[in-house]
Structure formats: structure tokens, C-alpha cells
């Protein structure tokens, strides 16, 4: 009897549960599609990172370098024509130097004897009087020898028109180069040329040069503020002093340079500030 039942069981056709098999297939397909989507998203994110950290830097630096070269050629042509028209050349046929009063250290009246800069006389210009720069127009060149930085300076601090092009932006309500007050600038610390990436490495005594069509102004780094609020307007005031850290900054009128950028790196939460003072200038 048992043997007969055993043989009958062996002849039975196995039953396949179609629902369970279909479910496993759908689950496997879902996992595969999910994996493909994850890989695609990863590749897209990687491409975006490469674009931001490499391509925007390359593109902005190339554009900024071309603008610097264009400014230099333009100034040489204009000054050459004007000097030739004036006939102001020396006996050897070379353009003579234009005398200017250079800032010098003198004891402060009634003070403890600390030196203070005598305001320099504006450089004499030849030909037409320089007109105010137009919005987003590059009109000066910033050079920071310690960092190897050379960048055009444009009017305004908009991202699309100025900063994202690798330029350094001039805060419109602040002084112009070499003038009394505060010549305040902003620049990217990361991406789009990042001209101010390493300004945290500047130390007291480092030179920062600003070239315009009329003159070359030399500022010397004096103070820095490692971190302050993005809304700390005091750092670009005529007499720069932090409103967040009132103990940092200046109290006397002078000829100042301010460099501002975002901090920490790859964020825009705070601002890093470096200040300098005008020490000398020479005509072009």
C-alpha cells in the first residue's frame, strides 16, 4: 500500500506558484532600475562638481586674463597718443616721469607719536579727465604678488556681471583707488576663478597693487578679520570698523583698501576681511 502511494506521489506534476515568481522578478527589476538611477544621479552630481570646481575656474580665469591684457593694451595706446600729442618727452625721446607727492610718515599732532599717512596728491592725468566707470565695466587691475593673483576690477559686485566672470568687484558706494576713504572689493573664494581663495594667507606688510589708466597705487596689508557676519556693513565703511566686532577696525580717516570674501570655504555664511593702507603711488 505504501509502495503504491509512493509511486503515485512521484507521478504527480509539480505545481508552480506563478504569483510568487512574478513578484521576485518585479523586485529584481526594481532593484536594477534603482541601481541604474543611483549611478546616473552619481554621474550627474560628479559632472556638476567638476563643472563648478574645474570648468568655471578655467573659464573665468581665461576670461579675466584676456581682460587684463586688453586693459593694458588700451592704456598703452591711449597714453601713447596723449603723450605724443602733448610732446612731453625727454631728450632721449622717452616719456618723462610725472612728479607726484608720495605719502610719508609724520608724527600725529597731539598724539603719541605714531606715524600717520599724509594724503597723497592725486596723480596728474594727461588729456581727458577720467570718467566714472560704467556698471559691470572692468576699469582697473588688482595684483597681489604674495598670492600670484592678477585680476580685473569691475564696477559693482553682481555675480553674473562681475564675480562669476573671475573679476574682482568694487562696492559702488566706496572710494575709488587712491582716493580718500575706503576702496572696498569683493571676490569669490571658491569657483569662478576664485581670485580671493587665499587672502587669509596675507600678512601685515604684504603689498597689494591697484593699477588704473592714470596710476599704480600700492597698499600694504595692515589688519584682518577672520570671520564676521555677511551683513557687517561696517567693514566697507569710509572708516572701516566691524559693527559685529567693534574692537576690530579703524577710528581715523585715511586711505584704505578692503578685500572681502566668503568663509568658510565652499559656503557663503560669513565674511573674511583683509584691510590695507595706501603707502605710495606712481603715474603710468
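The values are calculated or read from the model by the stated rules, or taken from the named source; none is laboratory data. Note that this is a predicted model, so its numbers are computed, not measured. Neighbour counts are summed over all protein chains in view; Cβ atoms, including those assigned to glycine, are modelled from backbone coordinates with ideal geometry.
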>> So, in segment 220-252, exactly how many residues are over 14 Å from residue 273 (Cβ atoms) and either in contact (Cβ under 8 Å) with a residue 60 or more places away in the chain or under 18 Å from the mean Cα position of the chain (by Cα) (or both)?
In response: 2
>> Checking residue 257 against (1) in contact with a helix residue (DSSP H, G or I) (Cβ under 8 Å, 6 or more places away or on another chain); (2) surrounded by 19 or more Cβ atoms within 10 Å (Cβ to Cβ), only one condition comes out false. Which one?
In response: (1)
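Yes/no per residue for (1) out of contact with any strand residue (DSSP E or B) (no Cβ under 6 Å at 6 or more places or on another chain); (2) surrounded by 17 or more Cβ atoms within 10 Å (Cβ to Cβ); (3) at pLDDT below 95; (4) over 30 Å from residue 56 (Cα atoms):
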position	(1), (2), (3), (4)
196	no, yes, no, no
212	no, yes, no, no
227	no, no, no, no
242	no, yes, no, yes
253	yes, no, no, yes
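Looking at residue 207, is it crowded, with 20+ Cβ neighbours inside 10 Å and either closer than 30 Å to residue 77 by Cα or free of Cβ contacts under 8 Å to residues at least 60 places away in the same chain (or both)? Give the derivation first.
Numbers: crowded, with 20+ Cβ neighbours inside 10 Å: no; either closer than 30 Å to residue 77 by Cα or free of Cβ contacts under 8 Å to residues at least 60 places away in the same chain (or both): yes.
Against the criterion (crowded, with 20+ Cβ neighbours inside 10 Å and either closer than 30 Å to residue 77 by Cα or free of Cβ contacts under 8 Å to residues at least 60 places away in the same chain (or both)), residue 207 does not qualify.
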> In segment 168-191, what count of residues is obtained for those that are assigned to a loop (DSSP other than H, G, I, E, B), in contact with a helix residue (DSSP H, G or I) (Cβ under 6 Å, 6 or more places away or on another chain) and surrounded by 24 or more Cβ atoms within 10 Å (Cβ to Cβ)?
Replying inline: 1
>> Criterion first (crowded, with 17+ Cβ neighbours inside 10 Å, touching a helix residue (DSSP H, G or I) at 6+ places or on another chain (Cβ under 6 Å) and not in a loop (DSSP other than H, G, I, E, B)) does residue 274 satisfy it?
In response: yes
